[in-house]
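Student: One structure coming up, written as structure tokens, with questions to follow.
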């Protein structure tokens with residue numbers, strides 16, 4: 001079904017895959033030259049300003065954010081000297097759209113966004129008009145272009161646009177006319193052959209890929225380039241549905257070869273001039289190759305609690321007890337054993353019953369997904385028992401066309417509910433299931449509590465990811481898990497007609513013209529970032545959380561859901577940090593932060609935190625000069641592999657505003673989380689895998705850390721402080737000169753203030 005090459009591979013004439021080991025026998029060119037023939041290389045070269053294709057300094061064509069990220073981004077940029085948006089910047093309002101939590105705070109954020117779009121020359125998309133990525137597909141994408149977004153699923157590769165999702169500080173850099181600095185990423189080919197069988201949708205292809213590459217890190221921080229004759233068998237909507245899920249592989253970005261079907265997509269949306277034919281060169285080298293026969297893919301399901309926990313639906317139905325046993329074992333790790341979790345009580349008459357179906361957002365809310373789901377459901381009923389079905393078209397133009405062609409009426413007749421464009425079900429701000437309920441969703445993630453339940457309150461529900469078609473087949477079967485390949489009817493495949501009048505009437509577009517006279521509208525929850533100290537000569541860190549899960553998601557570092565309403569308030573949001581993983585974290589971080597506040601006020605830290613007296617006495621046995629004039633005091637956390645999932649910068653900034661100076665990890669799950677740490681002035685320490693030389697509650701002293709960063713030392717000497725100083729080693733990994741300077745200054749805001 002899916003084959004991964006063991007090394008690099010060549011693609012010859014777009015149709016022949018040649019393993020690297022056989023290249024010489026076929027007189028193929030050196031891989032260094034052939035690697036320049038990837039689509040990705042050409043786009044990156046066109047956007048690189050460094051003159052060095054090994055060390056990229058990228059400027060993006062366009063930017064996009066939504067309403068739980070744009071406030072913090074613009075506030076940071078304003079504090080750093082923003083005068084106008086230098087490139088098109090679209091502010092969508094698709095996350096905190098319900099305006100149902102915290103009184104006025106969500107709509108206050110929206111009004112902040114509208115007035116900033118006017119003042120700085122941006123585009124403002126009102127709530128319920130479109131989810132961020134669908135608007136970008138319809139109105140922003142362009143062949144050969146690059147887009148940077150502050151949402152992790154910023155992926156428009158199917159349309160020939162290389163897009164990346166990063167934390168807010170990376171967008172701030174672009175707003176201040178700076179660059180996105182990375183090493184030239186590896187490029188992995190995804191070679192498609194064949195065509196999907198009826199009933200197999202884009203989410204099935206995506207989940208099969210994620211299951212094959214996530215755990216082995218095959219595409220981590222690389223670009224996935226989709227090529228091969230199988231691409232032509234997929235519609236534009238279908239490609240988009242696969243492409244958006246590449247984020248869950250931990251790749252950096254994605255790009256696809258383009259053809260007449262993509263040109264037609266641009267034509268339908270009145271932007272045919274944005275189409276560009278893209279394809280690899282005659283002989284192209286890839287750092288790895290994923291070969292997929294699309295005809296062999298079957299309806300898939302990603303069981304709780306990760307998109308990589310994949311099976312075919314047929315496997316689940318045939319081996320129900322065994323698979324649910326495995327899910328329970330994995331859940332004990334994900335949930336830390338804090339709450340009992342089982343799906344065995346969902347077995348009815350030997351079949352798996354689900355309580356809820358959702359088709360939504362940037363992954364599921366596409367026109368073709370919904371039309372195919374409606375065809376499967378036509379003439380059926382979801383019934384009057386527990387099972388519910390909600391459908392969220394990804395934009396109002398899609399909603400309008402569904403209404404015009406009768407699909408909307410067909411869905412409503414079944415008992416399904418069709419709602420407006422909203423990302424809530426994807427991150428726990430809408431359609432939270434009942435306690436112990438099981439939901440199947442065509443959305444992007446199924447992390448623990450991502451659906452909105454609160455483990456700290458004794459609640460647990462769970463999500464499995466599936467394609468819209470199999471969700472519809474399950475709904476037609478009154479909630480019993482069913483693959484769409486069992487549907488024996490016909491798919492209508494109606495033509496899509498895009499009507500842009502809605503956007504013309506409702507979207508504010510400055511056309512790039514700033515109006516400095518506009519006053520920004522603030523609400524009482526919109527707060528400035530607190531002052532942040534520069535890196536001191538020495539550091540004293542207390543370990544206030546220790547996480548040994550194989551992977552820690554950003555949802556676990558800072559929960560999504562209703563907490564998102566507080567993302568415009570750095571200190572308010574920080575109260576939720578690690579609340580689902582380690583509820584004691586905030587209190588412990590604040591307690592040691594008292595010492596830093598005392599130090600800054602030129603008071604004795606040990607009077608604020610009495611336990612520091614013995615710690616400082618021990619340090620002074622070897623480092624007598626370390627004192628409050630040269631030694632910062634704060635907190636750190638250890639996690640094995642933190643940062644999987646969202647691009648949200650708050651996973652790092654919340655630690656920072658609570659006095660965090662560093663993370664310590666054996667590996668960082670994504671580039672974007674490590675970048676967020678750096679941009680908030682936090683040290684991304686690495687430690688070798690094995691027995692830790694410290695534990696939760698211990699103090700770590702790092703002498704001469706400022707000098708270490710300045711002089712680019714490879715190994716960092718650190719000490720666990722107990723009765724004596726016990727030495728161990730840390731490293732920082734590769735840092736650019738700018739990244740080092742950001743850490744030295746204490747954060748990106750300080751760096752730009754000078």
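Student: Ranked highest first by the average count of other Cβ atoms within 10 Å around their residues, in what order do 598-604, 124-130, 471-477, 83-89 fall?
Tutor: 471-477, 124-130, 83-89, 598-604
Student: Suppose each label sits 7 Å from its Cα in the direction of the beta carbon; what would the residue 627-residue 54 distance come out to in nanometres?
Tutor: That separation, rounded to one decimal, is 4.7 nm.
Student: Report, in whole Å, the centroid distance computed from the Cα atoms of the stretch 293-326 and the stretch 1-61.
Tutor: 33
Student: Calculate for the chain the 222 nm mean residue ellipticity that helices alone would give, adding -39,500 (n - 2.57) per DSSP H run of length 4 or more and normalising by residue count, nearest 500 deg cm²/dmol.
Tutor: Calculated from helices alone, the mean residue ellipticity at 222 nm is -8500 deg cm²/dmol.
Student: Residue 710 versus residue 617, label points 7 Å from Cα toward the beta carbon: distance in nm?
Tutor: Going from the residue 710 label point to the residue 617 one covers 3.3 nm.
Student: Mind jotting down the distance between the C-alpha centroids of the stretch 679-694 and the stretch 112-189, whole Å?
Tutor: The stretch 112-189 and the stretch 679-694 have Cα centres separated by 31 Å.
Student: For the stretch 28-104, divide the Cα radius of gyration by the Kirkwood radius and give the resulting Rg/Rh value with two decimals.
Tutor: 1.19
Student: In nm, to one decimal, how far is the residue 79 label point from the residue 273 one, both placed 7 Å along Cα→Cβ?
Tutor: Modelled inter-label distance: 4.0 nm.
Student: What does the highest-first list of 307-313, 364-370, 7-13, 134-140 look like by mean Cβ count within 10 Å?
Tutor: So the order, starting with the most tightly packed, is 364-370, 134-140, 307-313, 7-13.
Student: Whole Å is fine, so just give me how far the alpha carbon centre of the stretch 443-478 lies from that of the stretch 361-398.
Tutor: Comparing the Cα centres of the stretch 443-478 and the stretch 361-398, I get a distance of 15 Å.
Student: Taking the Cβ of each residue in 66, 442 as the centre, tally the other Cβ atoms inside 10 Å and list the residues starting with the fewest.
Tutor: 66, 442
Student: Using a 10 Å cut-off around each Cβ, can you sort 38, 736 from fewest to most neighbouring Cβ atoms?
Tutor: 736, 38
Student: Same structure, new question: Subtracting the Cα-Cα distance from 0.36 nm times the residue separation, let me have the gained length for residue 403 to residue 600 in nm, one decimal.
Tutor: Taking residue 403 through residue 600 to full extension adds about 64.8 nm, to one decimal.
Student: Rank-order 488-500, 582-594, 152-164, 327-339 by packing density, defined as the average count of other C-beta atoms within 10 Å over each peptide's residues, highest first.
Tutor: Most protected by this proxy first, the peptides run 152-164, 582-594, 327-339, 488-500.
Student: Which angle from 0 to 90°, rounded to the nearest 10, does the C-alpha axis of helix 70-79 make with the longest principal axis of the chain?
Tutor: For helix 70-79, the angle is close to 40 degrees.
Student: Next question, about the same structure. How many times 2.2 N^0.38 Å is the alpha carbon radius of gyration of the stretch 300-497?
Tutor: 0.99
Student: Report Rg (one decimal) and Dmax (nearest whole number) for the chain, counting Cα atoms only, units Å.
Tutor: That works out to 25.6, 81 Å for Rg and Dmax.
Student: When only alpha-carbon atoms are used, what values of Rg and Dmax, in angstrom, describe the stretch 538-753?
Tutor: My reading of the Cα-based Rg and Dmax gives 16.2, 48 Å.
Coordinate-derived values only; no laboratory data. All values reported here derive from a predicted model rather than from experimental measurement. Please note: Cβ atoms are built from the backbone with ideal geometry, for glycine as well, and neighbour counts cover all protein chains shown.
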